[in-house]
Amino acid sequence: MSEELALDGKIERETPLGDPKATPPGAVPKKPTTDWWGEVKGIFWLILAVLGFHSLIAKPFYIPSESMLPGLLVGDRLVVTKYPFGWSFVSPTFHLLPFTHGRLLGHLPQRGDVVIVTPPGTTTDYIKRVIGLPGDRLEVRDGVVILNGVPVKRGPLHYIDIPDYGGVPMQEGGLTCDPSQYPDAQRKAADGSPVCHLPLITETLPNGRHYETVELGNTPQSDFYGPVTIPKDHVFLMGDNRDRSADSRFSLADGGLGGPVPWEYLGGRAEFITFSLDGSAGWNPVSWWESLRGGRAGTSLHPQQDK
C-alpha cells in the first residue's frame, strides 16, 4: 500500500515498489496519442447538428438574382426559418427526399410573406412573395393583381436609386442595370457614381400588408395572367420585380413555378438580412470590408402592416 508523505508542507503520494505503471527514474514519459476515431466521431456529430439545425430551425440564404428588387439585392445574405409553416420533404438542407404529401405541423403562410420555394421537379430554391391563398380567384391585368374580383391597392409611381456596380458580375452582387432590361434607368448620383433609377409602386394586399414593387411599364408576357382559382393547399407566388421574375405566372419549362404551388414545396420564411456584399471585393482583405453594403444588416423582410 502507498503512504502519504508530508514534504515541505505538501501532501504527496509515494508510488509503491513494483508498480508496473510507474515511470522508471530517468525515463522519458510517453506522449499521449491522438484518438483519431474519437476526433472523427466528434466532427461527424458536429456536422449532423449543423445540418439538423439548418433543416429544422433556420439556415442562411444567398440572393443570386434581381427578381425581388427593390427589397432584396443580389449579394444579400439572409436568414430563413424552417418551422413557421411546419416541415415537408423539402425542409432538409439537401433536397434528397422524394415528394411526400402534407406537412408536419403545417399551416399556410400569410399573404405578403417572403418565402423560399423549390419548383416541382427541381432542387433549386427560389425566393418569392405569397400573393394568393387557397380558394382565391386570381388574375393579372395590365400588371394589376386582381384578387377575388377586387384590384389590389396600388400607390402612386415613385422612384428609387440603387447603386449600379458596373463591371461587377450580377452573380457576385452587381446590379447590371442592363438597358435592355431597365430602359432609361442608368443615371449618375450626386457624387458621380452610377445608379439604377427604378420606378416603384407600393402594393397593399387585402390583409393590409404592403411592400414595394418595380413597375417597368407594359410587359405583355408578365402583365397578363389567368384568371385561375387557387386549389386547396396551394399558394400563388410572385416576385417584387414584377416584370423580371419567373414565378407562378410562368410555366416550369420557362423557368417559372408553373402556376399555384403545392404548399409542400415551401421551404421556409425569410426573416431578415444578415449582411450584404456588392461583389467588388478582391483577394485583398481590406476590400472585403469596403464591399459591405452599409445599413442592410438587420433589415426585416416582413412586410409592413397598415394599422
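Quick notes
- Selected residue (criterion: farthest from Phe275 (Cα to Cα)) from residues of the range 72-83 that are surrounded by fewer than 20 Cβ atoms within 10 Å (Cβ to Cβ) and of a type outside the set (A, V, I, L, M): Tyr83
- Here the condition is being under 24 Å from Leu301 (Cα atoms), β-branched (Val, Ile, Thr), at pLDDT 95 or above and under 22 Å from the mean Cα position of the chain (by Cα); of Ile162, Ile131, it holds for Ile131 alone.
- Filtered residues of the range 84-109 (kept if touching a residue at least 60 places away in the same chain (Cβ under 8 Å) and surrounded by fewer than 17 Cβ atoms within 10 Å (Cβ to Cβ)): Pro84, Phe99, Thr100, His101, Gly102, Gly106
- Meets criteria (within 28 Å of His107 (Cβ to Cβ), among the aliphatic types (A, V, I, L, M) and surrounded by fewer than 19 Cβ atoms within 10 Å (Cβ to Cβ)) for Leu252: yes
- Conditions (1) within 22 Å of Gly135 (Cα to Cα); (2) buried (at least 23 other Cβ atoms within 10 Å of the Cβ); number of the one not met by Arg242: (1)
- Checking each residue in the range 260-307 for being of a type in the set (Gly, Ala, Ser) and part of a loop (DSSP other than H, G, I, E, B) picks out Gly279, Ser280, Ala281, Gly282, Ser291, Gly294, Gly295, Ala297, Gly298.
- Selection within the range 37-84 - aromatic (Phe, Trp, Tyr) and closer than 24 Å to Gly106 by Cβ: Phe53, Phe61, Tyr83
- When the range 270-288 is filtered for residues that are among the small types (Gly, Ala, Ser), at pLDDT below 85 and under 26 Å from Ala58 (Cβ atoms), the ones remaining, listed by number, are Gly279, Ala281.
- Tabulated pairs, the range 278-291, first without any contact (Cβ under 8 Å) to a residue 60 or more places away in the chain, second of a type in the set (A, V, I, L, M) and in a loop (DSSP other than H, G, I, E, B), C-beta under 6 angstrom, 6+ apart or interchain: Ser287/Ala281; Trp288/Ala281
- Leu257 satisfies every condition listed in (1) crowded, with 21+ Cβ neighbours inside 10 Å; (2) out of contact with any Asp or Glu (no Cβ under 8 Å at 6 or more places or on another chain); (3) assigned to a loop (DSSP other than H, G, I, E, B) except (2).
- Within the option set Tyr62, Tyr159, being of a type outside the set (A, V, I, L, M) and without any contact (Cβ under 8 Å) to a residue 24 or more places away in the chain holds for one residue only, Tyr62.
- Filtering Val261, Val235, Val228 for residues that are of a type in the set (A, V, I, L, M), at pLDDT 90 or above and touching a helix residue (DSSP H, G or I) at 6+ places or on another chain (Cβ under 9 Å) leaves a single hit, Val235.
The values are calculated or read from the model by the stated rules, or taken from the named source; none is laboratory data. Nothing here was measured: the structure is a model prediction, and the numbers come from that model. FYI the Cβ positions are ideal-geometry reconstructions off the backbone, even for glycines, and counts take in every protein chain you see.
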